[in-house]
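**Student:** Could you have a look at this structure, given as structure tokens, before my questions?
Bear in mind that the values in this text are calculations on the coordinates, not laboratory data. All values reported here derive from a predicted model rather than from experimental measurement. Glycine also receives a Cβ, built like all others from the backbone with ideal geometry; neighbour counts cover every protein chain displayed.
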Amino acid sequence: MRDEVEDNGPWFGVFVFVIVLLFAAAGAAVVHSLMATFG
Amino acid sequence: MAIGLLEGTYGPDGFRTCEVTGLKIHRSAEVPLKLFGLTAVVALILGGTAALLVALTRWEAVGLLRPTQFYKYLSLHAWNLLIFWMVFMEVGILYVGGPIVLGRKLPGTRLARIGWVVMVASAVLIEYAIWTTAYPNQQPLLTSYAPMKSSALFYLGVDTFILGTVVAALPFFACIWQEKSENPNGTLPLVTFGAFVTGIIAVEALLGGLITYVPTFLWRIGVVEHIDAAWYRQMYWIIGHGTQQINLAAMITSWYFMTHLTAGAEVVSEKVSRGAFILYLFFINMGAAHHLMADPALTAGWKMWNTSYAMYGAVLASLIHAFAIPAGIEAGRRKRGLGGDSWFGWLRTAPWHDPGFSATALSIILFGYLGGITGVLMGQMQLNTMRHNTLAVPGHFHGTVAVGTTLAFMGLLYYVIRLFFRKEWILDRLARLQPYLYGAAMSIASMAMMEAGIVYGVPRRDPVTTSIPGTSFSFSAASPMLAILGIAAAVAVLAGAIFVLVAVGSLLFGKEARMRVPVPLSLTGSERPVHDFSMRGTLAMGLFFMLVFVLFYAMDWMWLSRLWTFGT
């Protein structure tokens, strides 16, 4: 039965890429808003 | 063709057994489920098309629509996506959570069909009323705030849509009644329990809708002379936010169902998860009060009790689910021997190639970070002052509904196509990519709206903010954010179109499905109880989430202390 478990191929990498991209975007937004406040 | 799609092969008793789940599925439940799912996709197409036009108008460098057109398409966008796409899906989820999970017939099938007909006719009436709105009537947007007058047909359509939804939900409640009558000491499965809580929240919201919209209709046709604007606002949000609470409960029910179906998740504590659903019953309706934070007709005490006290009962419930579901994936996969013993092997080996799982997982993560954190912040009276009526508000609810709920429902529909329509997905690689493309683009659009609203104070619902006629004042500094919004929203609409292409194409041209899920449900693994297995990976991710939560909370208070100089 174990061999019927599907392999996820390269898609975990796609997931990690999307999460890193979104955290980078959120980080950039925070830095931008702090610069707007203090800059 | 359409009728053929709705049919299946059943035994003489009307049941068939799902080869994947082992569930006994009766025709009386499966046909309406397909019908409601297909109708929801039609609403998704209409609302998504309007979304593109709205986004390309708020990207003011493009400025696609004139203001009069803008409000028409904004109303169509809101009603199709926030109401029709969601509610048709949610009735379908009730039929999955009730008769299909319980292995029963759907009692009162005729009521389900009557409800569907009334809902579709009402939706068409609302679309027509919005499309043909002309002075002195105004576009309703989602809120249709009285005493601003919209078309009488609009109010009539809303009333009948609510009634149709109640009628369509009745067979679900009858099914639960039959189950409990026959098994008074039995416990409902968690997915059924979640659907039942969703149904109760829905009834509350829909009754609130009738209390609001029946008098408003009577006022609009002249039977009632006066309608109190403050009364309307308070009553309206029973359904205005109530419908979003239905989305939340239905989405979380879908999370439990889909993570079990696709990734081998288990429920690590039935009592804790059920307790969290019950917390929603008592407290989530209070969340509606956060829409009235700046309302002059209500006291500060009323606002604070409903939001800064009672609403935290619902926040606690959400945090419990946010831990319980990933912990269920982690412990369930460890129990099945998947991913080894490392901290995150269970996550690395999860079925990220499967759009049913990836859409669900992205929904859980992105809903928490984008919709959840900002919802708590803006649900607090003090912090709300920074966001009220700015573009940050749509930024928040696109994080909840457009990212969280829509992704969850897309993931569910991928498996409705495979397990109920029994069709293989066409354009397989595009289907695998679609949740990532949609989740990323919609999240960036959501963040751009939040940034434009919080940093620059760009108003919501206003198509012209960077070159306001008659004044030198403008929000032009926010133009880059509006450009990011426009581009990201266009990509999200493209990803939505891919979903529709795959879904409709699979129904029309898909091969007969090879009935399977990424982790066979027959793979039970260890005999030890699931809570014996480590959940340390989820704990680490949960602590990181709380750290981000605290960070944003602290920053918001810092910004509040600098409110009058902020952004200058």
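**Student:** Just to check, using Stokes-Einstein with a Kirkwood Rh over alpha carbon pairs, what's the diffusion coefficient of the protein assembly as shown at 20 °C and 1.002 mPa s in µm²/s?
**Tutor:** Reported coefficient: 87 µm²/s.
**Student:** Quick one: if the Förster radius is 41 Å, what FRET efficiency do A:Leu21 and B:Glu225 give, using the C-beta to C-beta distance and rounding to 0.05?
**Tutor:** Working from the Cβ atoms, E equals 0.15.
**Student:** Hey, another quick one. For chain B, divide the Cα radius of gyration by the Kirkwood radius and give the resulting Rg/Rh value with two decimals.
**Tutor:** Values: Rg = 23.1 Å, Rh = 24.3 Å.
For chain B, the value is 0.95.
**Student:** Using only Cα atoms, what Kirkwood radius does region B:95-230 have, in angstroms?
**Tutor:** 16.6
**Student:** Kindly state, to the nearest 0.05, the FRET efficiency for B:Tyr309 paired with A:Asp7, given R0 = 56 Å and r defined as their beta-carbon distance.
**Tutor:** 0.70
**Student:** I would also like to ask the following. If the chain between B:Leu316 and B:Leu547 were fully stretched, how many nm would it gain, using 0.36 nm times the residue separation less the Cα-Cα distance?
**Tutor:** Result: 81.6 nm gained on full extension.
**Student:** Another question, then. What is the angle, in °, between the Cα long axis of helix B:27-58 and the longest principal axis of the Cα atoms in chain B? Nearest 10 is fine, range 0 to 90.
**Tutor:** Approximately 30 degrees, to the nearest ten.
**Student:** Now, a different point. Obtain the nm distance between the two label points defined at B:Ser526 and B:Leu560 by a simple spin-label model: each point lies 7 Å from its Cα along the Cα-to-C-beta direction.
**Tutor:** 4.5
**Student:** Roughly what % of Cα-Cα distances in region B:229-358 sit above 25 Å, to the whole percent?
**Tutor:** Working: 3398 of 8385 pairs.
For region B:229-358, the share of Cα pairs beyond 25 Å comes to 41 percent.
**Student:** Over 28 Å apart: what share of the alpha carbon pairs of region B:1-245 falls there, rounded to a whole percent?
**Tutor:** That fraction is 39 percent.
**Student:** With 5 Å bins from zero, work out the P(r) of region B:412-568 over every alpha carbon pair and list the percent per bin.
**Tutor:** That works out to 2, 7, 10, 11, 11, 11, 12, 11, 9, 7, 5, 3, 1, 0, 0, in percent per bin.
**Student:** Given a Förster distance of 45 Å, report the FRET efficiency between B:Asp13 and B:Lys149 from their Cβ-Cβ distance, rounded to the nearest 0.05.
**Tutor:** Details: r = 54 Å, r/R0 = 1.20.
The computed FRET efficiency comes out at 0.25.
**Student:** Something else: Tell me the angle of helix B:242-263 to the major Cα principal axis of chain B, expressed in degrees between 0 and 90 and rounded to the nearest ten.
**Tutor:** With both axes taken from Cα atoms, the answer is about 30 degrees.
**Student:** Which order do the peptides B:181-187, B:340-346, B:155-161 take when ranked by the mean count of other beta-carbon atoms within 10 Å per residue, highest first? Can you show the working numbers first?
**Tutor:** Values: B:181-187: 8.6, B:340-346: 15.7, B:155-161: 22.7.
Peptide ranking by packing, descending: B:155-161, B:340-346, B:181-187.
**Student:** I'd like to compare B:254-262, B:7-15: which one has the highest average count of other Cβ atoms within 10 Å, and what's the full order after that?
**Tutor:** Answer by packing, highest mean first, reads B:254-262, B:7-15.
**Student:** Right, next: Which distance in nm do the two modelled labels at B:Phe509 and B:Arg110 give, with both placed 7 Å along the Cα-to-Cβ direction?
**Tutor:** Going from the B:Phe509 label point to the B:Arg110 one covers 4.2 nm.
**Student:** What order do you get for B:Ser506, B:Ser476 when you list them from fewest to most C-beta neighbours inside 10 Å?
**Tutor:** Lowest to highest Cβ neighbour count: B:Ser476, B:Ser506.
**Student:** Please enumerate, by chain and number, the aspartates and glutamates with C-alpha under 17 Å from the C-alpha of B:Lys149, excluding those fewer than 8 residues away in the same chain.
**Tutor:** Partners found: B:Glu127, B:Asp159, B:Glu225, B:Asp228.
**Student:** Rounding to the nearest 10 and keeping the result within 0 to 90°, find how far the Cα-based axis of helix B:428-456 lies from the longest principal axis of chain B.
**Tutor:** 30
**Student:** Moving on. How much net charge surrounds B:Leu74 when only other residues with a Cβ under 12 Å from its Cβ are counted (Lys, Arg +1; Asp, Glu -1)?
**Tutor:** Around B:Leu74, the charge tally is +3.
**Student:** Which residues among region B:83-101 fall inside the zone where the amide N is under 20 Å from a point 7 Å beyond the Cα of B:Leu5, along Cα→Cβ?
**Tutor:** Those under the cut-off are B:84-96.
**Student:** Per the Kirkwood formula on distinct C-alpha pairs, the Rh of region B:1-125 is how many angstrom?
**Tutor:** Computed over region B:1-125, the radius equals 16.3 Å.
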